[in-house]
Amino acid sequence: MKLLNTAEIGANQKELEIFIDHENFEAECEKAYKKNVAKFNIPGFRKGKATRKMIEKMYGTGVFYEDAINAILPVAYPEAIKEAGLDVVSNPDIDIKAIDETGIVITAKVFVRPEITVTEYKGLAATKDAVEITEEAIDSEIESVRKRNARTIEITDRAVENGDNVVFDFDGYVDGKAFEGGKSENYDLLIGSGSFIPGFEDQIIGKNIGENFDVVVTFPEDYHAAELAGKEATFKCLIHEIKKSELPELDDEFVKDVSEFDTVDEYKASVKAKLVERAEKTEDNKVDDQLMKALCENIEGEIPAVMFENEAENCVRDYENRLRYQGMDLQTFMKYTGQTIETLTKQFMPQAEQNVKTRLALEYVAKVENLDASEEDIETEYQKIAEAYGIEIEKVKESIASDAIAADVRVGKAALLVRENAIVTVNGTPVEVEPEVISAE
């Protein structure tokens, strides 16, 4: 491989001319012939036995060029990019410029990382709200803990009441005919949850274990199943169990069971402290968002659209991973929501543009401020990743290059610098910045 020329053909776009000598190109064409010869039917030859010369005569001399180029490029293209010293941000647009007895000249058009400037990154303004935690918020948090620690009591001596859980069978009919999805056995329903058709749960109240009864309801006009919308339905029901959750008393014994504290007062104080910390983090994240948006507004320079497109695709992949974590795949999600890859990608485009601009702006700040990543910084970052994913640090190092880690560290330091030099006000009053809460994402 020989890099013949690198030319600028547009804003942040380059064209490389790459020369492959005849010997190497011919060797790859021969490999392509041997790999594909069985696919050609040539009169006078048994299938798979036609000569390369005959195939090229019938289908053209370039019949094996594409396969040969595809075999050469994975080596030749990265070498050319490295030799040209380009920071490429797109896939190459490959074409054949010339071919003769000496070899072949391939052109690769690519977009490169833009040279942008940030006109102002110190003294950016942001606002935040003062954090106030009410007694109601503390009580609500504690109530959630009580509910998680509730015990279930079997009810056998009374009828169903609002707030009970009932285990029952139901079999639904519309116009005297059963319908799909209208039947279930041993279904567990919280009465009062509103998870069933309006009026359904109310008609279970007052019924007893072992009692057969009918529930008559009307499906809403906007019901998702069009064939049932607005129709009256009769459900034949049978209750098997009545259960009720009993919350533990909020006393010192409960506190000792669910925390490291001994008294209710101590526990309430700790809950308040956690709520304050959570609320402060939320407000600080809002500040970070304001600062990064302000930073991006001060960018000067043209950014290739392909960078936004690539980042939007990354956002879709991240979203797909989150769906998998929740037990759903992307195809199922799109089926239920009517989304497509195209509409989903478009939906993520504003976030993608913000991500790309933020990264470029912070890289600029790191460069002009001479921010660097020490070996200790890089090692610390590797350790954080290893702990976050529960894997050995050496495996992290094998999968993520130190250069990539160093780049992230520099960006993080730039984000801290922006935050440290920001003007942040709480209810109109300037406050001292706490740099440790900055988000470098």
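The values are calculated or read from the model by the stated rules, or taken from the named source; none is laboratory data. Just so it is clear, the model here is predicted, and its values are computed rather than measured. Because the Cβ atoms are built from the backbone with ideal geometry, glycine has one as well, and the counts that use them run over all protein chains shown.
Scanning the range 360-378 turns up at least one residue that is in contact with a Cys (Cβ under 8 Å, 6 or more places away or on another chain), surrounded by 12 or more Cβ atoms within 10 Å (Cβ to Cβ) and touching a residue at least 24 places away in the same chain (Cβ under 8 Å). On the stretch given as the range 147-167, residues that are crowded, with 16+ Cβ neighbours inside 10 Å and of a type in the set (D, E, K, R) total 1. In the range 1-19, the residues that are on the phi < 0 side of the Ramachandran plot and in the same structural domain as A71 (by TED's automatic domain parsing) reach residues that are surrounded by 14 or more Cβ atoms within 10 Å (Cβ to Cβ) and among the basic types (K, R) with C-beta atoms within less than 7 angstrom, at least six apart or across chains, in these pairs: T6/K14; A7/K14; E8/K14; I9/K109; Q13/K109; E15/K109; F19/K2. Residue by residue through the range 100-121, note down the ones that are farther than 30 Å from C29 by Cα and not in a loop (DSSP other than H, G, I, E, B). Selection gives V112, T117, V118.
Could you please find all residues in the range 114-137 being in contact with a Leu (Cβ under 7 Å, 6 or more places away or on another chain) and of a type in the set (A, V, I, L, M, F, W, C)? Residues satisfying the conditions are I116, V118, L124, A126, I133, A137. Pairs linking a residue in the range 31-54 that is outside the structural domain of N70 (by TED's automatic domain parsing) and more than 20 Å from I72 (Cα to Cα) to a residue that is assigned to a helix (DSSP H, G or I) and not polar (S, T, N, Q), with Cβ atoms under 8 Å and 6 or more positions apart or on different chains, do not occur.
State whether one or more residues within the range 67-76 are closer than 30 Å to I303 by Cβ, of a type in the set (S, T, N, Q) and not assigned by TED's automatic domain parsing to the domain that holds M307. Checked the range 67-76: no residue is closer than 30 Å to I303 by Cβ, of a type in the set (S, T, N, Q) and not assigned by TED's automatic domain parsing to the domain that holds M307. When you scan the range 410-421, do you find a residue that is β-branched (V, I, T) and surrounded by fewer than 20 Cβ atoms within 10 Å (Cβ to Cβ), even just one? No: the range 410-421 contains no residue that is β-branched (V, I, T) and surrounded by fewer than 20 Cβ atoms within 10 Å (Cβ to Cβ). Of everything in the range 218-272 that's among the small types (G, A, S) and in contact (Cβ under 8 Å) with a residue 12 or more places away in the chain, which residue is surrounded by the most Cβ atoms within 10 Å (Cβ to Cβ)? Among residues in the range 218-272 that are among the small types (G, A, S) and in contact (Cβ under 8 Å) with a residue 12 or more places away in the chain, the one surrounded by the most Cβ atoms within 10 Å (Cβ to Cβ) is A233. E23 meets all of the listed conditions (1) surrounded by fewer than 12 Cβ atoms within 10 Å (Cβ to Cβ); (2) under 18 Å from D100 (Cβ atoms); (3) under 44 Å from the mean Cα position of the chain (by Cα) but one, namely (3).
The numbered conditions (1) within 30 Å of E302 (Cβ to Cβ); (2) surrounded by 19 or more Cβ atoms within 10 Å (Cβ to Cβ); (3) modelled with pLDDT under 95 are all true for N355 except (3).
Being within 30 Å of E132 (Cα to Cα) and surrounded by fewer than 16 Cβ atoms within 10 Å (Cβ to Cβ) is the requirement here; does D214 meet it? No; evaluated as a whole, the condition is false for this residue.
Just one of the numbered conditions (1) touching a helix residue (DSSP H, G or I) at 6+ places or on another chain (Cβ under 6 Å); (2) not in a helix (DSSP H, G or I) is not true of V396: (2). Of all residues in the range 286-308, those that are in a helix (DSSP H, G or I), touching a residue at least 24 places away in the same chain (Cβ under 8 Å) and either basic (K, R) or surrounded by fewer than 15 Cβ atoms within 10 Å (Cβ to Cβ) (or both) total 2. The one condition from (1) over 30 Å from D288 (Cα atoms); (2) surrounded by 11 or more Cβ atoms within 10 Å (Cβ to Cβ) that Y336 does not meet is (2). Under the condition of being touching a strand residue (DSSP E or B) at 6+ places or on another chain (Cβ under 9 Å) and either among the aliphatic types (A, V, I, L, M) or modelled with pLDDT under 90 (or both), the residues counted in the range 387-441 number 10.
Of the strands (runs of 3 or more DSSP E) lying entirely inside the range 122-225, those containing at least 2 residues that are under 30 Å from G338 (Cα atoms), at pLDDT 90 or above and not hydrophobic (A, V, I, L, M, F, W, C) are 165-174, 177-190. Exactly one residue among R52, R146, R46, R151 is among the basic types (K, R) and either under 35 Å from the mean Cα position of the chain (by Cα) or within 30 Å of E363 (Cα to Cα) (or both), and that residue is R146.
Quick grid of which residues meet (1) without any contact (Cβ under 8 Å) to a residue 60 or more places away in the chain; (2) touching a Lys or Arg at 6+ places or on another chain (Cβ under 7 Å); (3) surrounded by fewer than 16 Cβ atoms within 10 Å (Cβ to Cβ):
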site	(1), (2), (3)
V118	no, no, no
K122	no, no, yes
A130	no, no, yes
V145	no, no, no
D169	no, no, no
K207	yes, no, no
